Amino acid sequence: MKRKIAILGSTGSIGTQAISVCMGHPDLLQIELLTANTNTALLIEQARACMPNSVVIADESKYQEVSDALSPLDIKVFTGIKSICDIVGGDNIDMVLTAMVGFSGLEPTVAAIRAGKAIALANKETLVAAGQIVMAMAKKYGAPIIPVDSEHSAIFQCLQGERATVEKIILTASGGPFFRKSVKELESVTIADALNHPNWKMGEKVTVDSASMMNKGLEMIEARWLFNIVPENIEIIVHPQSIIHSMVQFSDGSVTAQMSTPDMRLPIQYALTYPFRADLDTKRVDFAKLARFEFHSPDHEKFPCIGMAYEAIKKGGNIPCAMNAANEIAVEAFLNGKIQFVSIPKIIENVMIGTEFVAEPTLEDIYKTNDQARALATTLINKHTSR
Ligand SMILES: NC(=O)c1ccc[n+]([C@@H]2O[C@H](COP(=O)([O-])OP(=O)(O)OC[C@H]3O[C@@H](n4cnc5c(N)ncnc54)[C@H](OP(=O)(O)O)[C@@H]3O)[C@@H](O)[C@H]2O)c1
């Protein structure tokens, strides 16, 4: 039986690699749905190559173009986020890969969970903003959540067949492009510098998150919910070689690691084919040629976003959602040349301080917090730029 896959965000970094994984295993995986926000050219090309049942272009102004281009083919074309939410619940879909970027991933993920679909989760922002609610829903509707993020996939792989008590999760980080820069040097880094990741080729938002190490903060919160572990037992370690993708320490002191050369197709494929491990042509680790494995504690002065993420999850409630929203707006402003790289944590900190605390947020509270935190971050950025 082939597994029928919906790829949300098919035109992005994860989405395009997911298509290549599916095309590499036509006996196991069948693409049923592709979605994009605005990139019509790539979505049309992907639809012609994959022949899914449906495509959705989220931006309604682009619908006609996609519909006209695909009209000779037997592919249904829809538009709007609501269409994505409706289609992911359909009988023809077994698993939903959430590879949209940012808070926009929450609504379709929730829709897929409500329909009891298996989730291959790349969109970490969903769990950062609403982890407690989303995990409770997944339990209620019997929707398994399989991680795609390489670190969480590593942890998930380390836990297969294990019954032992987990003492600690060791989340590895490459350190990003600024690992060896000083605090002073960070004041003058450019957009191009921030987008120049040493080990991974990813979408712009997650690449800037890696440069500020907010990505590791977001991943720590993601791990907290995925593996039901308290933040105090999640340790972040910088491992610049990106060969160990994360580790699990058990109550007997034994540590299990998952290793491979950095290639996102591996965790994507593992999630899509889980519980099976299929063949993949990744570059193999050549241990004899690896000069060394390095491990460093993260520099909290240089990368204050990590501490903010720990603070946000410890406060709990709607604060991680506010932090995530502020980060999205600050990263966008940085990429648009409106603020300096070092202003990103300052905006986030001020939004966290300015957010009204809700201890037990509902999904509606999460949407409200997201809107308010975005508005506050935008105000702070506008004030900053008009100075
Ligand atoms: N890239 C990686 O290696 C990596 C690794 C681990 C985790 N992740 C996580 O995976 C997610 C995707 O990352 P990415 O790097 O693949 O991002 P990306 O390259 O920027 O792609 C994002 C995808 O989402 C679509 N999209 C953006 N905004 C949307 C909206 N409002 N409504 C509907 N669709 C929207 C985009 O469509 P258009 O192309 O039309 O804009 C695109 O298909 C993120 O949460 C990221 O943190 C990524």
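If we scan segment 7-20, do we find a residue that is at positive phi and under 24 Å from the mean Cα position of the chain (by Cα)?
Yes: segment 7-20 contains one or more residues that are at positive phi and under 24 Å from the mean Cα position of the chain (by Cα).
For segment 230-240, indicate whether the set of residues that are out of contact with any helix residue (DSSP H, G or I) (no Cβ under 8 Å at 6 or more places or on another chain), closer than 27 Å to Ala130 by Cα and not in a strand (DSSP E or B) is non-empty.
Within segment 230-240, one or more residues are out of contact with any helix residue (DSSP H, G or I) (no Cβ under 8 Å at 6 or more places or on another chain), closer than 27 Å to Ala130 by Cα and not in a strand (DSSP E or B).
Identify, from the list Thr38, Thr16, the residue that is within 9 Å of the ligand (Cβ to nearest atom), touching a Ser or Thr at 6+ places or on another chain (Cβ under 8 Å) and not acidic (Asp, Glu).
Thr16
So which pairs qualify, if the first residue must be in segment 211-233 and surrounded by fewer than 23 Cβ atoms within 10 Å (Cβ to Cβ), the second must be assigned to a loop (DSSP other than H, G, I, E, B) and not small (Gly, Ala, Ser), the Cβ gap must be under 8 Å, and the two must be at least 6 apart or on different chains?
These pairs meet every condition: Phe227/Leu159.
Can you tell me which residue is nearest to Val55 (Cα to Cα) among those in segment 69-111 that are more than 19 Å from the chain's Cα centre (by Cα) and aliphatic (A, V, I, L, M)?
Val77
Yes or no, residue by residue, for (1) assigned by TED's automatic domain parsing to the domain that holds Lys383; (2) more than 26 Å from His384 (Cβ to Cβ):
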residue	(1), (2)
Arg292	no, yes
Asp299	no, no
Cys305	no, no
Glu311	no, no
Met323	yes, no
Val331	yes, no
Leu363	yes, yes
Thr369	yes, no
Gln372	yes, no
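Cβ-Cβ under 8 Å, sequence separation 6+ or interchain: first residue in segment 262-291 and part of a loop (DSSP other than H, G, I, E, B), partner loosely packed, with under 13 Cβ neighbours inside 10 Å and among the basic types (Lys, Arg). Which pairs?
Asp263/Lys283
Quick test for you: out of Phe287, Phe250, Phe295, pick the one residue that is loosely packed, with under 15 Cβ neighbours inside 10 Å and in contact with a strand residue (DSSP E or B) (Cβ under 8 Å, 6 or more places away or on another chain).
It is Phe295.
Do we find that Ile57 is over 20 Å from the mean Cα position of the chain (by Cα), away from the ligand (no atom under 16 Å from the Cβ), over 16 Å from Tyr270 (Cα atoms) and crowded, with 18+ Cβ neighbours inside 10 Å in this structure?
no
Just a yes or no: is a residue in segment 198-206 in contact with a Pro (Cβ under 8 Å, 6 or more places away or on another chain), modelled with pLDDT of 95 or more and within 16 Å of the ligand (Cβ to nearest atom)?
no
Can you tell me which residue among Ile221, Ile191, Ile229, Ile170 is more than 18 Å from Pro267 (Cα to Cα), away from the ligand (no atom under 16 Å from the Cβ), at pLDDT 95 or above and not polar (S, T, N, Q)?
Unique residue meeting the criteria: Ile229.
If Phe179 meets every condition in (1) in the same structural domain as Glu232 (by TED's automatic domain parsing); (2) buried (at least 17 other Cβ atoms within 10 Å of the Cβ); (3) assigned to a helix (DSSP H, G or I) apart from one, which number is that one?
For Phe179, the exception is condition (3).
From the residues in segment 85-103 that are without any contact (Cβ under 8 Å) to a residue 60 or more places away in the chain and within 16 Å of the ligand (Cβ to nearest atom), which one is farthest from Thr362 (Cα to Cα)?
Only one residue fits best here, namely Asp86.
All but one of (1) over 17 Å from Pro298 (Cβ atoms); (2) over 21 Å from the mean Cα position of the chain (by Cα); (3) not hydroxyl-bearing (Ser, Thr, Tyr) hold for Ile268; which doesn't?
With respect to (1) over 17 Å from Pro298 (Cβ atoms); (2) over 21 Å from the mean Cα position of the chain (by Cα); (3) not hydroxyl-bearing (Ser, Thr, Tyr), Ile268 is out only on (2).
Filter segment 122-143 for residues that are closer than 18 Å to Glu32 by Cβ and either within 14 Å of the ligand (Cβ to nearest atom) or assigned to a strand (DSSP E or B) (or both) and give the result.
Within segment 122-143, just Ala122 meets the criteria.
Given (1) assigned to a loop (DSSP other than H, G, I, E, B); (2) closer than 30 Å to Gly354 by Cβ; (3) within 16 Å of the ligand (Cβ to nearest atom), identify the lone condition not met by Cys321.
Just one mismatch for Cys321, condition (1).
The values are calculated or read from the model by the stated rules, or taken from the named source; none is laboratory data. Given the structure is predicted, the values throughout are model-derived calculations rather than measurements. Here Cβ is always computed from backbone atoms with ideal geometry, including for glycine, and neighbour counts include all displayed protein chains.
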